[in-house]
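This report concerns only the one structure given below.
The values are calculated or read from the model by the stated rules, or taken from the named source; none is laboratory data. It should be emphasised that the depicted structure is a prediction, and the values quoted were computed from it without experimental measurement. Neighbour counts run over all protein chains shown; Cβ positions are idealised from the backbone, glycine included. With ligands, DNA and RNA removed, areas are computed over all heavy atoms of the protein, side chains included. Shrake-Rupley method; radii C 1.70, N 1.55, O 1.52, S 1.80 Å.
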Amino acid sequence: MLELATHGQPGLVLHAGTGSFVAARAPDGSVHYAGGLGWRFGDPGSGYDLGRRAIARALLDLQGWRAAPSLSTLIRDQTELPDANAISHFFYDDPAPNHMIAMLAPVVLRLAGQGDPAAQQIVVESTGELFDLAEAVAHKLFPGMPLSTVRAGLSGPILTHPVVLREVAAKSPLSYAPVEGKPIEGVRRLLQNLSP
């Protein structure tokens, strides 16, 4: 993805799928990675993080503390359980819930795109943390450069979702562009550049 985003030049790329990370190429050509810590330690902007936040918000709605009716309906339908206590036990008792949690992300994105306020808040807060990490990486690797001049790409359907582009990417000091092309094309270009 870095190769596709920067065309072999200095810059960075943010990627979010099931997990998330920032990859960057400094002006000296060195390559750096940030994030990608996994579900246990945090992958902001990832499918897992969106799903985890949606479940938490739905549970608070079912308890009667924070309104999120679309999310609570989604989680009740997903688990076929009626209340916060049963749903909480469902996820805690499952020995491998990560895949099921990450699978909620497309629905959360759809709800956000339809204007659901709770879903939009989840998407903006989650991806915002990844954008903050990318900004910190850019400040460290490109000191003294205006961040708007650093090549920056966005990879994956989460980061290229209209809500993310409008509410998060557009407010960043970095000028982001969606990455075009398949990941294998980036690998091909990288190998081509490494060939003597």
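Quick notes
- Rounded to 10°, Cα long-axis angle of helix 69-79 versus longest principal axis of the chain: 80
- Theoretical FRET efficiency, 1/(1+(r/R0)^6), r = Cβ-Cβ of Trp65 and Ala136, R0 22 Å, to 0.05: 0.10
- Here each label is just a point 7 Å from Cα along the line to Cβ, and for Thr149 and Asp28 those points are 2.0 nm apart.
- Set of segment 38-71 residues, backbone N closer than 19 Å to the point 7 Å along the Cα-Cβ line of Ala86: 55-65, 69-71
- Ordered by solvent-accessible area of protein heavy atoms (1.4 Å probe), largest first, the residues Met145, Met103 come out as Met103, Met145.
- Rg/Rh ratio calculated on Cα atoms of segment 1-127 (Kirkwood radius): 1.09
- Each residue of segment 28-42 was assigned a 3J(HN,Hα) from its phi angle through the Karplus expression (A = 6.51, B = -1.76, C = 1.60, θ = phi - 60°), giving 7, x, 5, 10, 9, 10, 9, x, x, 7, x, 4, 6, 10, x Hz with x at Gly and Pro.
- With contributions of -39500 (n - 2.57) from each DSSP H run of at least four residues, the per-residue ellipticity at 222 nm computed over the chain stands at -15500 deg cm²/dmol.
- For the chain, the share of DSSP beta bridges that are antiparallel, to the nearest 5, is 55%.
- Cα long-axis angle, helix 84-93 against the chain (0 to 90 degrees, to the nearest 10): 50
- Two-decimal log10 I(q)/I(0) for segment 36-102, as the Debye equation yields it once each C-alpha is a single scatterer, q = 0.11, 0.14, 0.24 Å⁻¹: -0.24, -0.40, -1.05
- Rounded to 10°, Cα long-axis angle of helix 117-141 versus longest principal axis of the chain: 30
- Of the residues Ser70, Ser126, the one with the largest accessible area comes first in the ranking Ser70, Ser126, computed with a 1.4 Å probe on protein heavy atoms.
- Of Leu37, Leu12, Leu71, the one that fluctuates the most in a GNM where the chain has Cα springs shorter than 10 Å: Leu37
- Within the listed set Phe91, Phe21, Phe41, the residue fluctuating most in the Gaussian network model of the chain (springs between alpha-carbon atoms under 10 angstrom) is Phe41.
- For the chain, built as a Gaussian network whose Cα springs stay under 10 Å, the top-fluctuating residue of Ala119, Ala170, Ala68: Ala170
- Couplings for segment 160-168, taken from phi via the Karplus curve 6.51 cos²θ - 1.76 cosθ + 1.60 with θ = phi - 60°, read 9, 5, x, 5, 5, 4, 7, 8, 10 Hz in order; Gly and Pro are left as x.
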